[in-house]
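Data block below; observations after.
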Amino acid sequence: MAQLMSPSPFAMEQIFNSISLGLIVLDAQQTVRMWNGWVERHTGIPANQAIGKHISEAFEELPSRAILNAITNTLNYGLPVVLSNALHRSPLPLFQRNEHEPEGEKIRIDQSITITPITAEYGERHCLIQISDSTTSIKREKILRTHSEALKREATTDSLTGIYNRRFFDEHYKMALGHAVRHSVPLSVFMVDIDYFKEYNDSYGHVAGDKALIQVAAALRKQLLRATDVLARFGGEEFILMLPNMAPDSAMLFAEKLRMAVWDLNIPHINSRICQRISVSIGFSNFYKHPDVDANSLLKCADAALYEAKKAGRNQSQYLPLQNFNISSTAPAGTLHKTASN
Amino acid sequence: MKKILIVDDSKVSRMVIRAHVKAVHPDWEFFEAASGEEAIKSVVENKPDFCTMDINMPGMLGTDAAEQILQTNPHIRIAIFSANVQDTMQNRATSIGTIFVAKPVTEKSITIVLNYFASGK
Amino acid sequence: MNSLTELHLDALSEVFNVGAGRAAASLSDIVGEEVRLSVPSVEIRKSSEIDVSSMGLQSERFGAVHQTFSGSFEAEAILLFTEEHALEIVRDMMGSQISLEDLAEFEQEAMCELGNIILNACLSAMADMLNIPLNCSLPDYSVATTEEIFRRVSDDLEQPYVLLLHIDLAIERRHSEGHLIFLLSSTSLKDLIIQLERFLGAV
């Protein structure tokens, strides 16, 4: 719990009364114990007049039934309650400050209220009512929300294609593999690389290249089935897929599905050395109860399989079994390198 | 010695109600039903004096079953014992000639039910 | 043994239905209409075994209200509605005159309150019937994709068990379905079983 360096009662009182949030504390009998400056200013009722009164009598009007019930529940069960402005316009009689028009009509403010249980000195349950003025906060909330969603996406998403980025993949791959090891379930990894992508950029330009990447990513993404399947952009023109719980025999079928999905996009590529459209090479491997597997071996194995696919003429899928894979003679995953295959 | 029919689709609920009632009236005879339809059949076969009835069960609503039972057996005292505590249900219960008691089943709520059963005399 | 029997699940079902009844009454007060809320099923699963088809969730995005508990019992509860349903529910709660823009503004707050009402009602029923008092946090609301939710559930090693409740909610004539998930640690599951045994043993 946060502590202040040297909380003088004087400082605390200042803070309590200048905070721009209404604060009321009630004891177990629902009697007012604390009533801060904000509440004074928005009711015209000074603290010394409110303290000691039952909450239903502290104001000039009766608070709403909803808030009175909520207070009772919080004190009985110790559960926090939210009274949203959406569903309760103004549960308490609180008004806009109108110093210049004392004769004018008092306008009730929109409120957002939370009621939380707090423990008092000798262990009795009290409750804290926090009130915030909702009128301008509504607009602010909207802005903040769109900002935070955007920030969340940035950290884990590839900005061009909208799919996950490598950072996301790395984190989740390790967890998924750990899970597969502990629970003895299969895990398949597919590396997909666009054939002759450099040539595509050279012929059609980088803007077209970007567009092609977006289309390929979308086509691959459509093939995902489960919530736990992950597709990420691994490199410039390289994608990686991780499918937990995929049986080894389904994996080949799936790889073909991926390849055909891109093939069916029919994106013209006149300088592809093997066909007239954009195609992909796929390398995949899977883990299933293999002893002593580390995160890198599976990836390197898939990468080696991808290399085989390229070597064998591209526009195809190749599988390399993990058990036959010799790690010692390979470079880190992501670089195409000659391997010692079976 | 009275006969009581306990109607609820939850086996646990029936167990709890039975246990609480038996603690006060160990000599009564107990019958159980898991739906409105079963309850109606049980009334014909066993002719209970009292009945507790849940509302939300598969098939017909408990309140509808209670209404039917009371049509042919107006002397049976029925307590609607339910988690569905809204006004609409409470009003319906009273309008058909039963009382409404809110769950959970506790010593307190059972006392209310038993008092209602006893007051018919 | 760390498993809940049929009878245990039946007892939990009763507890949650009492909670649902209370929540429905609170919602009814707010909406001014009859609200029907029930918990037709309660299941216990291992977090690692949860997947999309088991929850019958087809949608891409969900409104999720989240509250954490502590005290004698440690758990997290997530109340899930498809985003479509969440907006419909908010609209029903606020009155159908509301504009689409306003709806989006209020979604977060209103869903927080809805989640808070339902969760608190379930917790108060648990406290009353099973004698499990709890401290809990204020709720927070976010919109998440199916993937995000499942990752959240299945990646949590501290809480390997999931109590999965199906929820039926009907406001006015509109019917929505949601799910309530409680993520439990092994200790919490043991505690829950002990309390259920006590509850059943007393009958």
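The values are calculated or read from the model by the stated rules, or taken from the named source; none is laboratory data. All values derive from a computational prediction rather than experimental measurement. Here Cβ is always computed from backbone atoms with ideal geometry, including for glycine, and neighbour counts include all displayed protein chains.
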Q. Residues of the stretch A:237-278 being more than 18 Å from residue A:202 (Cα to Cα), outside any helix (DSSP H, G or I) and out of contact with any strand residue (DSSP E or B) (no Cβ under 8 Å at 6 or more places or on another chain), which ones?
A. A:247, A:264
Q. Applying the selection to the stretch A:171-186, what residues are surrounded by 13 or more Cβ atoms within 10 Å (Cβ to Cβ) and either within 16 Å of residue A:288 (Cβ to Cβ) or hydroxyl-bearing (Ser, Thr, Tyr) (or both)?
A. A:173, A:176, A:177, A:178, A:179, A:180, A:181, A:185, A:186
Q: Run residue A:52 past the list (1) under 14 Å from residue A:117 (Cα atoms); (2) free of Cβ contacts under 8 Å to residues at least 24 places away in the same chain and report the number of the one that doesn't hold.
A: (1)
Q) Counting only residues that are touching a strand residue (DSSP E or B) at 6+ places or on another chain (Cβ under 6 Å) and β-branched (Val, Ile, Thr), which one in the stretch A:6-30 is surrounded by the most Cβ atoms within 10 Å (Cβ to Cβ)? A) A:24
**Q.** Cβ pairs under 8 Å, 6+ apart, first in the stretch C:23-41 and within 9 Å of chain B (Cβ to nearest Cβ), second part of a strand (DSSP E or B) and at pLDDT below 85
**A.** C:35/C:171
Q: Looking only at the stretch C:170-177, decide whether some residue is buried (at least 16 other Cβ atoms within 10 Å of the Cβ), within 13 Å of chain A (Cβ to nearest Cβ) and of a type in the set (A, V, I, L, M, F, W, C).
A: yes
(Q) Could you check the stretch A:74-97 and list, in sequence order, the residues that are part of a strand (DSSP E or B) and either at the interface with another protein chain (Cβ under 7 Å from one of its Cβ atoms) or among the aliphatic types (A, V, I, L, M) (or both)? (A) A:81, A:82, A:83
Q | Residue selected from the stretch A:39-67 under the condition surrounded by fewer than 15 Cβ atoms within 10 Å (Cβ to Cβ) and under 27 Å from residue C:28 (Cβ atoms), by the criterion nearest to the other protein chains (Cβ to nearest Cβ) | A | A:65
Q) Of the conditions (1) buried (at least 23 other Cβ atoms within 10 Å of the Cβ); (2) in contact (Cβ under 8 Å) with a residue 40 or more places away in the chain, residue C:110 fails just one. Which one is it? A) (2)
**Q.** Failed item, numbered, when residue C:160 is tested on (1) at the interface with chain A (Cβ under 10 Å from one of its Cβ atoms); (2) more than 15 Å from residue C:19 (Cβ to Cβ); (3) modelled with pLDDT of 80 or more
**A.** (1)
Q) If you take the residues in the stretch B:11-38 that are under 22 Å from residue B:63 (Cβ atoms) and surrounded by fewer than 17 Cβ atoms within 10 Å (Cβ to Cβ), which one is nearest to the other protein chains (Cβ to nearest Cβ)? A) B:11
Q.
Conditions first: (1) modelled with pLDDT under 90; (2) surrounded by 15 or more Cβ atoms within 10 Å (Cβ to Cβ); (3) on the phi < 0 side of the Ramachandran plot. Residue A:221 passes all but one, so which condition is the exception?
A. (1)
Q | Pair list, Cβ under 9 Å, 6 or more apart: the stretch C:179-203 residue more than 14 Å from chain B (Cβ to nearest Cβ), other residue assigned to a helix (DSSP H, G or I) and surrounded by fewer than 18 Cβ atoms within 10 Å (Cβ to Cβ) | A | C:183/C:152
Q) Which pairs do you get when a residue that is within 14 Å of another protein chain (Cβ to nearest Cβ), found in the stretch A:201-230, comes within reach of a residue that is of a type in the set (Val, Ile, Thr), reach meaning Cβ atoms under 7 angstrom, with the pair 6+ apart or on two chains? A) A:221/A:163; A:226/C:52; A:227/C:52; A:227/C:146
(Q) Restricting to the stretch A:20-41, give me the number of residues that are of a type in the set (Val, Ile, Thr) and within 12 Å of residue A:131 (Cβ to Cβ). (A) 2
Q. Which one is surrounded by the most Cβ atoms within 10 Å (Cβ to Cβ) among residues in the stretch B:1-10 that are within 14 Å of chain C (Cβ to nearest Cβ) and in a loop (DSSP other than H, G, I, E, B)?
A. B:8
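Got a number for residues in the stretch C:163-175 being of a type outside the set (Lys, Arg), on the phi < 0 side of the Ramachandran plot and at pLDDT below 80?
So the count comes out to 0.
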Q) With (1) within 20 Å of residue C:29 (Cβ to Cβ); (2) surrounded by fewer than 19 Cβ atoms within 10 Å (Cβ to Cβ) as the list, and residue C:191 as the residue in question, which single condition is left unmet? A) (1)
Q: Could you pull out the residue among C:13, C:38 that is polar (S, T, N, Q) and within 23 Å of residue C:111 (Cβ to Cβ)?
A: C:38
Q.
If residue B:46 satisfies all but one of (1) surrounded by fewer than 20 Cβ atoms within 10 Å (Cβ to Cβ); (2) free of Cβ contacts under 8 Å to residues at least 24 places away in the same chain, what's the number of the condition it fails?
A. (2)
Q. Regarding residue C:15, is this residue surrounded by 24 or more Cβ atoms within 10 Å (Cβ to Cβ), of a type outside the set (Lys, Arg) and within 17 Å of the chain's Cα centre (by Cα)?
A. yes
Q. Does the stretch B:52-69 contain any residue that is part of a strand (DSSP E or B) and surrounded by 15 or more Cβ atoms within 10 Å (Cβ to Cβ)?
A. yes
Q.
Suppose we filter the stretch C:116-157 for residues that are more than 8 Å from chain A (Cβ to nearest Cβ), within 22 Å of residue C:42 (Cβ to Cβ) and not in a helix (DSSP H, G or I); how many remain?
A. 3
Q) Condition test on residue A:253, is it more than 25 Å from residue A:175 (Cβ to Cβ) and loosely packed, with under 14 Cβ neighbours inside 10 Å? A) yes
Q: Can you give me the number of residues within the stretch A:17-58 that are part of a strand (DSSP E or B), of a type in the set (A, V, I, L, M, F, W, C) and more than 18 Å from residue A:95 (Cα to Cα)?
A: 4
